[in-house]
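Structure provided below as structure tokens; questions to follow.
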Amino acid sequence: MYDWLHIYVISVAFNYDFFFLLMFPSKNEDASILTNMGDFVHSWVYRKSHKQPANIIGDVSLADHDHVKCDGAVSLKIATIISVYLMCFVHGCVAQVESFKMLCDVMEMLTNLKCDALGRITPELLRDTINAHLKAFQKAYKGLGWRPKDHWAYHLWYMFKKCGCLLGLLVTERRHKIVK
């Protein structure tokens, strides 16, 4: 539960940050933005080795849930596409959009750690990126949705500095789903 996937991708940072982001346009802007975002995400063509992700945006019930329900693989597939949509079409909710874009920066950096052969990602860069996202999340949502894993996220950079790598247990999570 302390690996970067369980802190950022599986039922935590992505799921809550995205849920709160969906709450703000539904209250402050035209509610059709949610439908349009779902259509935008699912209009992309994914690699043949990846199946088309489920329409998690269409399945969100803002009244009945406290976070978006999707697995880690889907989160990693659609996060950048959602970020592109937000930059192109959403003009309100500036702090919320900025928080989500910074979340995508952290997720991309964590995903690329294992293949960073040139060593461009330093522990200090990881620390600064995580800290920037956490500050943006607090600015956007105040105390809403703050969880212990948000604190644990700040310790990832030190684990990376100490061990030289970070483990992501996505394979374990997939096996866990089979057992369920």
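Can you tell me which residue among W152, W157 is in contact (Cβ under 8 Å) with a residue 60 or more places away in the chain, closer than 14 Å to Y8 by Cα and either surrounded by 12 or more Cβ atoms within 10 Å (Cβ to Cβ) or not charged (D, E, K, R) (or both)?
Of W152, W157, the one residue that is in contact (Cβ under 8 Å) with a residue 60 or more places away in the chain, closer than 14 Å to Y8 by Cα and either surrounded by 12 or more Cβ atoms within 10 Å (Cβ to Cβ) or not charged (D, E, K, R) (or both) is W152.
I want to confirm something. Restricting to the stretch 8-50 and keeping residues that are more than 18 Å from the chain's Cα centre (by Cα), of a type in the set (S, T, N, Q) and not in a loop (DSSP other than H, G, I, E, B), which single residue is modelled with the highest pLDDT?
Restricting to residues being more than 18 Å from the chain's Cα centre (by Cα), of a type in the set (S, T, N, Q) and not in a loop (DSSP other than H, G, I, E, B), the top hit is N36.
Separate question: I want to confirm something. Restricting to the stretch 114-137 and keeping residues that are at pLDDT below 90 and not hydrophobic (A, V, I, L, M, F, W, C), which single residue is surrounded by the fewest Cβ atoms within 10 Å (Cβ to Cβ)?
This residue is G119.
Still on this structure: Considering the stretch 107-148 alone, what residues qualify as being assigned to a helix (DSSP H, G or I) and small (G, A, S)?
Those that are assigned to a helix (DSSP H, G or I) and small (G, A, S): A132, A136, A140.
Further question: Hey, G145 hits all of (1) surrounded by 12 or more Cβ atoms within 10 Å (Cβ to Cβ); (2) at pLDDT 80 or above but one; which does it fall short on?
(2)
While we're looking at this one, here's another question. Would you confirm, using the coordinates I've provided, whether S61 is in a helix (DSSP H, G or I), hydroxyl-bearing (S, T, Y), modelled with pLDDT under 70 and over 23 Å from Y154 (Cα atoms)?
no
Turning to a different aspect of this structure: Here is a check on your reading of the model: is S75 small (G, A, S), surrounded by 13 or more Cβ atoms within 10 Å (Cβ to Cβ), assigned to a helix (DSSP H, G or I) and modelled with pLDDT of 85 or more?
no
Here's something else I'd like to know. Mind checking whether some residue in the stretch 86-94 is under 27 Å from H151 (Cα atoms), modelled with pLDDT under 90 and surrounded by 18 or more Cβ atoms within 10 Å (Cβ to Cβ)?
yes
The values are calculated or read from the model by the stated rules, or taken from the named source; none is laboratory data. Model, not experiment: these values are computed from the prediction. Don't worry about glycine lacking a Cβ; one is built from the backbone with ideal geometry, like all the others, and counts go over all protein chains shown.
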